[in-house]
Amino acid sequence: MYDFLLHVIILNILVVPLAFVAGYQLRRFVPQKIRLMIGFTVVLVLTTVTVILALEFQIHSTLLRSAQIAIAVGFPLGIAGPPLNDWKKKNN
């Protein structure tokens, strides 16, 4: 039980906010029309690399899968989340 707690829950509590902040900081550089595509592409590439590593090197780690899922959840939420307030427009 403590192994699950350490590998899954605590890791997710740490990694999801970091991935969210990384995605949120990149919003300034990514055009609004392609943010969702970039978020999906990062998730797809990360999942593909993780599967290739697991198959090629026989790595079957709960920690690796948990970190991959946490990044796959946090990064797209940060990059394609709610729109930034545009200081050029008036908020009505």
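Observations on the model:
- Cα long-axis angle, helix 62-79 against the chain (0 to 90 degrees, to the nearest 10): 10 degrees
- Candidates Q58, Q32, Q68, ranked by Gaussian network fluctuation over the chain, Cα under 10 Å, top entry: Q58
- Among the chymotrypsin sites (Phe, Trp or Tyr not before Pro) within region 1-56, those in coil by DSSP and having at most 13 neighbouring Cβ atoms inside 10 Å are F29.
- The GNM of the chain, with springs linking C-alpha atoms under 10 angstrom apart, assigns the highest mean-square fluctuation among L64, L36, L55 to L55.
- Net lengthening on full extension, I13/S61 (0.36 nm per residue, minus Cα-Cα): 15.5 nm
- Computed on the Cα trace of the chain, the radius of gyration divided by the Kirkwood hydrodynamic radius gives Rg/Rh = 1.11.
- Assigned charges on the beta-carbon of Lys, Arg, Asp, Glu; the chain dipole about Cα centre (debye): 720 debye
- For region 2-79, averaging the sequence separation of C-alpha pairs within contact (under 8 Å, six or more residues apart) and dividing by the residue count gives a relative contact order of 60 percent.
- CD proxy at 222 nm, helix term only [per DSSP H run n ≥ 4: -39500 (n - 2.57); per residue of the chain; nearest 500]: -20500 deg cm²/dmol
Every number in this text was worked out from the coordinates using simple rules, so none of it is lab data. None of these values were measured; they are calculated from a predicted model. Every residue, glycine among them, receives a Cβ derived from its backbone with ideal geometry; neighbour counts consider all protein chains shown.
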